[in-house]
1. Using θ = phi - 60° and the Karplus form 6.51 cos²θ - 1.76 cosθ + 1.60, what ³J(HN,Hα) does each residue of region 723-733 get, whole Hz, x for Gly and Pro?
2. Quick one: THR581, THR571, fewest Cβ neighbours within 10 Å first, how do they rank?
3. If you take the charge dipole of region 396-736 about its Cα centre, with +1 on Lys and Arg Cβ and -1 on Asp and Glu Cβ, which of LEU713, TRP547, PHE402 is farthest toward its positive end?
4. Any idea what the dipole of region 1-90 comes to, in debye rounded to 20, about its Cα centre with Lys/Arg Cβ at +1 and Asp/Glu Cβ at -1?
5. For ILE490, which sequence-distant residues (separation of 5 or more, or a different chain) have an amide H within less than 5 Å of its own amide H, given hydrogens modelled in the peptide plane?
6. So what are the ³J(HN,Hα) numbers for region 119-132, from phi and the Karplus equation (6.51, -1.76, 1.60; θ = phi - 60°), rounded to whole Hz, Gly and Pro as x?
7. In terms of modelled amide H atoms, which long-range or inter-chain residues lie less than 5 Å from the amide H of GLY95?
8. Out of residues 5 or more away from ARG62 or on other chains, whose amide H comes under 5 Å of its own, with H placed 1.01 Å from N in the peptide plane?
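Read-outs throughout are calculated quantities, based only on the coordinates presented, and are distinct from any laboratory measurement. Since the structure is predicted, the reported quantities are computational estimates derived from the model, not experimental observations. Neighbour counts run over all protein chains shown; Cβ positions are idealised from the backbone, glycine included.
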Amino acid sequence: MEHPSQPSVRHFDHCPWLFADEATEEQRAAQRELQRAVGGDTGIGERCYVAESAAVFPDRLRLGDDSYIAAHAYVTGELDTGSHCTLNPFTTVRGNVVLGHGVRIGAHTSLLGFNHSMAPDRPVYRQPLTSRGIRVGDDVWIGSHVIVVDGVTIGDHCVIGAGAVVTRDLPAWSVAAGNPARVLRDRREVRGAGAVEAEVEVEVAMDPVAAAAVSGVRPDEGRTPATRPAPDPEPRAAAAGHPQPTPHDRRAVQTARAADTEAAAAAPERRSDDNRTPTTRPAPDPEPRAAAAGHPQPTPHDRRAVQTAKAADTEAAAAAAAPERRSDDNRTPTTRPALEPGAAATGNAERAPHDRRGVQVAAPAVGAEVADLPGIRPGGGRTPATRPAPDPGPRAATLAGFADTARDQAARLLDRCWDGERYVDRPGAVPTVRAHCDAVEIADLLLGAVPEHLSAEEHIGRLSGLQDPKSGLVPEFGEPLPVADADGFIGEGAALYHVLCLGYALDLLGPGLPHPVCGVRDMTTRQLIARLEALPWRTGAWGAGAWVDSLATAAHWNLRHDDGGDHGHGTPEALFGWLLTRADPWTGMWGRPSAEEGRLQVVNGYYRLTRGSFAQFGLPVPYPERVVDAVLDHARDARHFGPGRENACNVLDVAHPLWLCTRQLGRDADGYRSGEIRDWAERQLATVLPRWQDGRGFGFGPGAAGPGPDPGLQGTEMWLAIIWYLADLLDRSGELGYRPHGIHRPEPARQGIAGLS
């Protein structure tokens with residue numbers, strides 16, 4: 001078939017890779033207009049193409065350079081792609097989906113980054129939507145007619161065979177196929193004597209035509225017999241471990257044909273997997289017992305664990321009995337991934353995967369042990385699943401075991417951060433006021449005592465002596481007293497946070513701050529309103545919220561002093577009046593998102609603001625439903641919550657607002673978006689608990705933000721509090737045996753503005 005000398009728009013829609021080289025200036029201008037007309041929050045990179053026949057209606061779209069959306073693709077929700085990504089004809093991408101660089105998606109494939117709940121008390125069309133999102137790494141080839149369901153992460157360099165249904169995470173470098181998709185091998189494996197048979201299985205899974213030839217039917221649901229092509233004389237030329245051609249690489253056609261014909265001739269054993277898509281079954285591992293189902297599954301980027309995962313998958317595929325299944329709120333049954341060592345059984349009986357009547361009964365018990373968190377894909381605790389017998393391994397496999405481990409190691413952790421004279425956040429760091437306060441918080445939380453390096457009287461004396469008696473401010477070690485602004489209070493710097501951390505450390509020790517914070521005590525209502533109006537709500541909502549947190553906490557401490565009120569100015573009342581009248585009714589928050597950071601500043605600022613004001617004073621927050629909406633939306637932003645990107649601030653600043661709002665909205669099954677909140681809390685617990693380092697605690701988080709990844713007092717204090725909030729969102733905080741009493745206390749420090757707590 002000859003192509004016309006000047007391709008039409010219809011031609012480019014179906015072959016968008018030709019557009020950059022062959023389009024006329026008029027066609028390029030029309031494409032630019034089409035891209036500008038895409039609705040929602042849209043940013044499209046250089047040399048991109050969006051088909052005129054595609055249905056692209058995003059809430060948010062970021063299309064990286066040299067990427068395209070081909071004919072009749074359907075895109076809604078939030079899609080972020082890297083460069084050189086391709087959505088081929090009839091692809092569906094919905095919900096929250098993030099693609100890395102160089103992701104190729106075959107025709108008729110669906111990435112469904114959202115779901116419905118399925119409680120039995122209401123029709124499906126009335127069920128709330130949930131969205132855990134889909135994350136795809138770099139250099140990934142997803143074949144045609146693949147389905148990827150919500151909550152899945154696909155690691156870098158994966159190849160997924162045509163017709164696969166991906167229901168759980170895939171490690172980096174996996175070659176996977178089938179329904180449900182299973183890891184067949186690691187792309188980096190050295191091909192040995194049995195390489196040809198393995199390549200045959202992979203290539204057949206990649207190509208539905210080859211699969212049809214093997215099974216004797218065409219890919220039209222088996223209605224028409226199909227002949228089998230003759231074997232190619234050099235079938236080894238298409239090794240699946242070799243680089244795969246892009247969808248428009250015509251030079252690779254003969255190579256692909258060679259593999260397909262070899263696969264057709266080999267005709268390995270097959271099964272229908274619910275009669276929808278023929279798929280290969282991986283060959284049994286020569287030593288399948290080495291990969292017992294109780295062994296841990298690799299994380300998406302754990303390349304060392306590929307062999308273990310492969311052994312488990314191939315053993316399961318070779319078994320004659322039907323695999324155990326669960327629904328995970330998805331529409332396609334899937335095998336349950338293996339559990340981590342130390343997983344504990346819940347004692348619940350397995351129910352049929354589509355028995356909606358059992359959902360409510362099972363909800364509280366599923367996830368009863370933290371063992372289900374690192375080992376199984378989060379399902380929000382809504383679908384019962386049996387588990388293997390508990391391994392007598394690490395105690396940290398349960399919430400109670402984790403807390404016992406932390407308590408046992410607390411003294412060693414604090415010793416590590418005592419330089420012989422003062423506390424440091426981590427060895428090699430300089431002593432800080434916050435480090436001493438964090439040490440007091442950790443000792444109180446885990447040991448119910450003071451850090452043993454000083455007596456209680458010595459701790460009190462040292463910390464009380466840090467507060468300037470005239471201003472009530474606390475400078476950092478070695479720094480001068482901060483200079484107050486014209487209204488008497490400060491606007492930035494470590495001394496703002498010291499109002500919180502020093503005050504609560506002394507509160508835990510007994511006496512509290514010895515002096516009022518005079519700048520807040522003497523501030524007039526007029527001065528307060530002027531300051532609030534001048535805060536950088538649009539460009540720095542986190543800093544604005546942190547300032548409110550410090551001021552409100554200072555007001556709280558001042559109310560404990562006989563002469564520490566606001567001298568009749570009515571400043572605390574004015575603060576709450578201003579906040580209530582300035583909250584955005586669409587988000588319940590203060591500030592606006594930005595294209596660069598999304599809702600990061602707004603949500604993080606909301607936590608700091610409400611912690612010091614509404615939560616500390618025991619007052620309800622405005623618009624709690626809208627807050628939940630905004631916070632859950634932010635929690636899907638892969639820039640801040642992608643794999644390996646979560647830090648203590650960002651997770652706490654989601655967990656606490658969700659916890660605070662659910663106290664007002666209710667936490668039962670009918671609570672506002674409670675299923676999604678529980679899903680998120682389970683996933684975060686699964687991520688953070690394995691990060692505990694023996695004798696060292698937690699690091700703050702990856703990257704340069706905060707203290708960084710090295711374990712220290714700040715990271716440990718924050719993550720211990722975060723774990724409590726996450727567990728409490730799941731109604732399981734009692735298993736920890738500890739409860740924050742300091743700066744992250746869940747109870748209000750006082751009820752209302754008047755009177756003492």
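1. Coupling constants for region 723-733: 4, 4, 5, 4, 5, 5, 4, 9, 6, 10, 5 Hz.
2. THR581, THR571
3. The residue sitting most towards the positive pole is TRP547.
4. Dipole of region 1-90, to the nearest 20 debye: 140 debye.
5. Here ASP485 satisfy the definition.
6. Here the 3J(HN,Hα) series is 4, x, 8, 7, x, 4, 5, 9, 6, x, 7, 10, 8, 9 Hz.
7. Hits under the 5 Å cutoff: THR76, GLY77, GLU78, GLY113.
8. Residues meeting the amide H criterion: GLY43, LEU79, ASP80, THR81.
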